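This report concerns only the one structure given below.
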Amino acid sequence: MKAGQVFLVGGAVRDALLGLQEAERDWVVVGCTAQQMLDNGFKQVGASFPVFLHPDNGEEYALARTEKKQGHGYHGFKVDFHPGVTLEEDLQRRDLTINAIARDQGGRLVDPYGGQRDLQQKVLRHVSDAFVEDPLRVLRVARFAARFASLGFRVHSSTMALMQEISQSGELQQLVAERVWREVESAMKTARPSEFIRVLRECGALEVLLPEVNDLFGVPQPQKYHPEVDTGVHLLMALDIAADLANGSAGVVFAVLLHDLGKGITEQKDWPSHLGHEATGIPLVDAVCRRMKVPNAMHDLARKVCAHHLRCHRILVARPVTVLRLLEKLDVFRQPRLLPDFIAACEADYRGRKGLQDRPYPQGAYLQNAFRAVADIRARDIDLEGVSGPAVGELLRQARVEVIANSSSLQAMREVGE
């Protein structure tokens, strides 16, 4: 670099200090102009402020900048990136102290806001009161709380107060759906997604962004089946089990997040029973997914988990025709990759109960094996002489039902599971 000073900033510095695998590396350049960056061979990207891609490795370099809120929403900022902006000014605009540490090319740390202290104390603390200028930071802090929960991190009380202020201000409603979804999806990939929901609820943001989920807290369930009783508590337990089972699939955890939404609208006179909550929950799942612009595949999985999770729980005592009917409703003959995710979400729901977290879930293996037993049966394998039209499909279904009914291995699994 012929002009300016270059610093590594953000997550890569933070994670290295925590002894974690470094995140994607981001760099800030102080004392440099956009033209000088271009003269050094960098390629400019981004419209709102200059970000440059390194000509050799493609890493992102941004000019040091300041930001000042001028209006509502994400675009209501005045950005200044003239060469006189200092590193300290650039770091001050960041959300948390642990993300406001820089490292120069000689390895020296620049930490003007106490990020190393907060890493040692395991605290998520805002850098300055300008924190309130970007409402998305509420979700970011909740996501960091979920990511670092296993390390013992907590949100500082002063930061929580600012998050509550944002939640009450109406600014969260100004957020673009895609930005909200990006944070939610990332949180669903953490080891403790329950902490994401807990923090959002504590600061009042859950009621604004996901009222359907917020409504589950305080709703009782039959103690016979749910020793934890509270539907919200059950949800938090199921989310963390889903994270263990999902192998990094945000879709599985998100499906668990929405699987019991129907219980939130059960009339109090019917408590603690929630008969038919699977069906009443589907319109709520659709509403959440439309509002947040959730990708179609994740929406589809969430819908199917909501509609059919109880059928999966009862699969070991179901008739062979009922087993086949569930596979057909899931559409796994056309989408076989959906079945493991569906089973993982159902298992998380089943085990997300007080004292039952380690209970086996043989239903999953049974359903997977039933699918494997019939997946390769095609119409061409059946004697169709004199048969045409809808009758072909019915014969195919009968053949598949017979395989499920007569399979000795499936029968053995049913007997052991029962």
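Some points to look at:
- In segment 51-80, of all residues being of a type in the set (S, T, Y) and more than 15 Å from Q92 (Cβ to Cβ), the one that is modelled with the highest pLDDT corresponds to Y61.
- Here I282 clears all of (1) surrounded by fewer than 15 Cβ atoms within 10 Å (Cβ to Cβ); (2) within 21 Å of the chain's Cα centre (by Cα); (3) of a type in the set (A, V, I, L, M, F, W, C) except the condition numbered (1).
- Residue satisfying all of: in segment 155-186; outside any helix (DSSP H, G or I) and more than 22 Å from the chain's Cα centre (by Cα); farthest from L136 (Cα to Cα) among these: H156
- Residue match in segment 218-231 (condition: part of a helix (DSSP H, G or I) and under 29 Å from L151 (Cα atoms)): yes
- Residue pairs meeting the criteria (Cβ under 6 Å; at least 6 apart or on separate chains; first surrounded by fewer than 17 Cβ atoms within 10 Å (Cβ to Cβ), in segment 301-328; second of a type in the set (V, I, T)): V321/V401
- Taking segment 20-129 as the region of interest, the strands (runs of 3 or more DSSP E) fully inside it that hold 3 or more residues being surrounded by fewer than 17 Cβ atoms within 10 Å (Cβ to Cβ) are 43-45, 77-80.
- When restricted to residues that are buried (at least 19 other Cβ atoms within 10 Å of the Cβ) and not charged (D, E, K, R), segment 341-372 contains 15.
Let's see how each residue does on (1) within 26 Å of H309 (Cβ to Cβ); (2) among the hydrophobic types (A, V, I, L, M, F, W, C):
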{"residue": "F153", "(1), (2)": "no, yes"}
{"residue": "Q164", "(1), (2)": "no, no"}
{"residue": "E178", "(1), (2)": "no, no"}
{"residue": "E202", "(1), (2)": "no, no"}
{"residue": "H234", "(1), (2)": "yes, no"}
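- Selection count where residues are farther than 16 Å from F333 by Cβ, at pLDDT below 70, assigned to a helix (DSSP H, G or I) and of a type in the set (D, E, K, R), scope segment 377-418: 0
- One residue stands out in segment 313-362 among those that are under 21 Å from P193 (Cβ atoms) and hydrophobic (A, V, I, L, M, F, W, C): the one that is modelled with the lowest pLDDT, namely L356.
- Pairs linking a residue in segment 64-91 that is at negative phi and charged (D, E, K, R) to a residue that is in a helix (DSSP H, G or I) and modelled with pLDDT of 90 or more, with Cβ atoms under 7 Å and 6 or more positions apart or on different chains, are R65/D90; K69/E133.
- For segment 90-97, the criterion of a residue being under 28 Å from Q173 (Cα atoms), polar (S, T, N, Q), modelled with pLDDT under 95 and touching an Asp or Glu at 6+ places or on another chain (Cβ under 8 Å) is satisfied by no position.
- Among all residues of segment 249-263, there is none that is of a type in the set (K, R) and either surrounded by fewer than 18 Cβ atoms within 10 Å (Cβ to Cβ) or within 20 Å of R147 (Cα to Cα) (or both).
- Check on V305, in a helix (DSSP H, G or I), β-branched (V, I, T) and within 29 Å of L410 (Cβ to Cβ): yes
The values are calculated or read from the model by the stated rules, or taken from the named source; none is laboratory data. What you see is a predicted model, and the numbers here were worked out from it, not measured in a lab. Every residue, glycine among them, receives a Cβ derived from its backbone with ideal geometry; neighbour counts consider all protein chains shown.
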